[in-house]
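The values are calculated or read from the model by the stated rules, or taken from the named source; none is laboratory data. Keep in mind the model is a prediction, meaning the values are calculated, not measured. Reconstructed Cβ throughout: ideal geometry from the backbone, glycine too, with neighbour counts over all protein chains shown. We work out accessible area using only protein heavy atoms, side chains counted, and drop any ligands, DNA or RNA first. Shrake-Rupley method; radii C 1.70, N 1.55, O 1.52, S 1.80 Å.
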Amino acid sequence: MSLDAVLARIDEALPQATDRLIDLLRIPSISTDPAFKADCDRAADWLVAELESLGFEASKRPTPGHPMVVAHAAGEGPHVLFYGHYDVQPVDPLNLWHRDPFDPAIEETAKGRVIRGRGASDDKGQLMTFIEACRAWKDVHGSLPGRITLFLEGEEESGSPSLVPFMKENAAELTADIALICDTGLFESKTPAIVTMLRGLMGEELTIRGADKDLHSGMYGGVAMNPIRVLARIIAGLHDDTGRITLPGFYDGVTELSDEIRAQWQNLAFDHARFLGDVGLSAPAGEQDRTPLEMIWSRPTCEVNGIWGGYTGDGFKTVLPSEAHAKISFRLVGQQDPNAIREAFRAYVEAQLPADCAVEFHGHGNSAAGQMQIDHPAFEQARQALSEEWGLAAAYVGCGGSIPIAGYFKTVLGMDAMLIGFGKDDDQIHSPNEKYDVESFHKGIRSWARVLEKVMG
Ligand SMILES: [Zn+2]
């Protein structure tokens, strides 16, 4: 029954919790602009004071950039580390905001009450859901839920330059049994989700060269090899008619979904017609024996991001170009090895070069996919807790893009992370009029109370 008491406390103290969030939102902690350096510092101080008032041992820790906030609570049982970031994006164009981005307030909208202001959703509102859950717990029990470390960053919106060095220097202090990251959203704005799969990324830029100068197609056309023709054939051969990628060994390390995850994704009832319709498309273009969610979350890709060569200006020039270029990138999943794929790609290109053509490669990026070990009991406990709070079965989902922090927890500190967040698709993060639904904030706090109750046992 003590969980009920904590949830009741959260409900009754929501106005004060909202006031504290609004207080934090008033601090313009824009990390990318040096003019706001003192404000970033002030946001860190605010959080240290807040956490100390809850009984955490909290400190502001210097870095070459903006400070980190680290806080500890001792206790029995599993050690959890919570990550969020207190810095925010710049606010321009300011004229598109309908209120001062750093004079936040509750607004009534057609879709319900929202907290409007820069950082309301990304990420101050989200990180405060966890801190407020700790506060309600303390109010009811007189102590914090257990062994918790908070790790709050001030450079997430400006590329996290200090993050990995700080993690390495403080590895012993930051390594826990499991990490919790609150910087993501509900699936389609309603279903609670835990991100457990993040795609990696590897890119190659290539230049194919033929003749040593551009040629006249009247004089050389037909007798000289055209590098654009070579490049086009190479690119066309990267996919077969079913949408599969043809590079030898490309699917090594790609794991199949378990029946359970497949069922969870089925249950999400993803409306791919609407998803594609929103951008003027209708037909999923990936592997034809896969569902659209699999294509986005659990299957690797090969995409041509740019292709150029020859004459592309106004009018017409009958040139036979000496060079052709392309930028090609691969989203990776499971245990796919970026280096092995880079080698396979280069070998595939070189094997198709005709006489008199040469190729030059430039590699870009090299990050493997992130795949969480969901057999850690905290995953299933958190999934149950979220399902109970939201009244919808929570799912382990993928993320088509990359969330670097989750990868760093794994590669630098060796721990799995649960990415749980309550943002909605229309929160307008990074844009004018950012908001966080009061529902996201309220049920987010309640969600963490339930998660902590199950995970900390
Ligand atoms: Zn964020």
Env charge @ residue 254, Cβ radius under 13 Å, K,R +1 / D,E -1, value 0
Evaluate the distance, in nm, between pseudo-label points positioned 7 Å from the Cα of residue 141 and of residue 380 along their respective Cα→Cβ axes. 2.2
Indicate the gyration tensor shape class of the range 318-457 (rounded, prolate or oblate), computed on the Cα atoms with a ≥ b ≥ c the square roots of the eigenvalues: a/c under 1.5 is rounded; otherwise a/b larger than b/c is prolate and the rest oblate. prolate
Set the bar at 23 Å for Cα to Cα. Now go through 60/443; 168/327; 124/190; 213/317; 138/443 and name every pair that lies beyond it. 60/443; 168/327
Length added when fully stretched, residue 314-residue 426, from 0.36 nm per residue minus Cα-Cα: 36.3 nm
For the range 101-212, what's the relative contact order in percent, using C-alpha pairs closer than 8 Å and at least 6 residues apart? 15
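So between residue 49 and residue 217, what do we pick up on full extension, going 0.36 nm a residue minus the alpha carbon distance?
53.2 nm
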Sort 240, 252, 122 from largest to smallest accessible area, using a 1.4 Å probe on the heavy atoms of the protein chains. 252, 240, 122
Hz values of 3J(HN,Hα) by residue in the range 393-410 - Karplus curve (6.51, -1.76, 1.60), Gly and Pro given as x: 5, 6, 10, 7, 10, x, 9, x, x, 10, 10, x, 4, 5, x, 5, 4, 6
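Starting from 0.36 nm per residue, how many nanometres of slack lie between residue 355 and residue 256 once their C-alpha separation is accounted for?
Extra length available between residue 355 and residue 256 comes to 31.5 nm.
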Is the shape of the range 238-314 rounded, prolate or oblate, going by the alpha carbon gyration tensor and its root eigenvalues a ≥ b ≥ c, with a/c under 1.5 for rounded and a/b larger than b/c for prolate? oblate
Answer with one residue from 84, 277, 53: the one whose Cα lies farthest towards the positive end of the charge dipole of the chain, charges on Cβ with Lys, Arg +1 and Asp, Glu -1. 277
Tell me which of 187, 336, 420 sits at the most positive position along the dipole axis of the chain, charges placed on C-beta atoms (Lys, Arg +1; Asp, Glu -1). 336
Once you keep just the Cα pairs under 8 angstrom separated by 6 or more residues, what percentage relative contact order results for the chain? 26
Karplus (6.51, -1.76, 1.60) ³J(HN,Hα), θ = phi - 60°, over the range 373-381, in Hz, Gly and Pro reported as x: 7, 7, 7, 4, x, 4, 5, 5, 5
Taking the mean number of other Cβ atoms within 10 Å as a proxy for protection, how do you rank 82-92, 32-42 from highest to lowest? 82-92, 32-42
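What does the charge dipole of the range 317-457 about its Cα centre add up to, to the nearest 20 debye, if the Cβ of each Lys and Arg holds +1 and the Cβ of each Asp and Glu holds -1?
Dipole about the Cα centre, nearest 20: 80 debye.
If each DSSP helix of 4+ residues adds -39,500 (n - 2.57) and the sum is divided by the residues in the chain, what number results at 222 nm, nearest 500 deg cm²/dmol?
The per-residue figure over the chain is -10500 deg cm²/dmol.
Taking the Cα centre of the chain as origin, work out the dipole magnitude from +1 charges on Lys and Arg Cβ and -1 charges on Asp and Glu Cβ, in debye rounded to 20.
Taking the Cα centre of the chain as origin, the dipole is about 380 debye.
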Pop a pseudo-label 7 angstrom from the Cα along the beta-carbon direction at both residue 109 and residue 189 and give the gap in nm to one decimal. 0.8
For the pair residue 304 and residue 4, what calculated FRET efficiency results from E = 1/(1 + (r/R0)^6), where r is the Cβ-Cβ distance and R0 = 56 Å, to the nearest 0.05? 0.50
Surface per residue (accessible, 1.4 Å probe) for the chain, Å²: 44
Set the Förster radius R0 to 25 Å, insert the Cβ-Cβ distance between residue 170 and residue 339 as r into 1/(1 + (r/R0)^6), and round the FRET efficiency to 0.05. 0.25
Carbon + sulfur, % of accessible area of the chain - ligands and nucleic acids excluded, 1.4 Å: 52
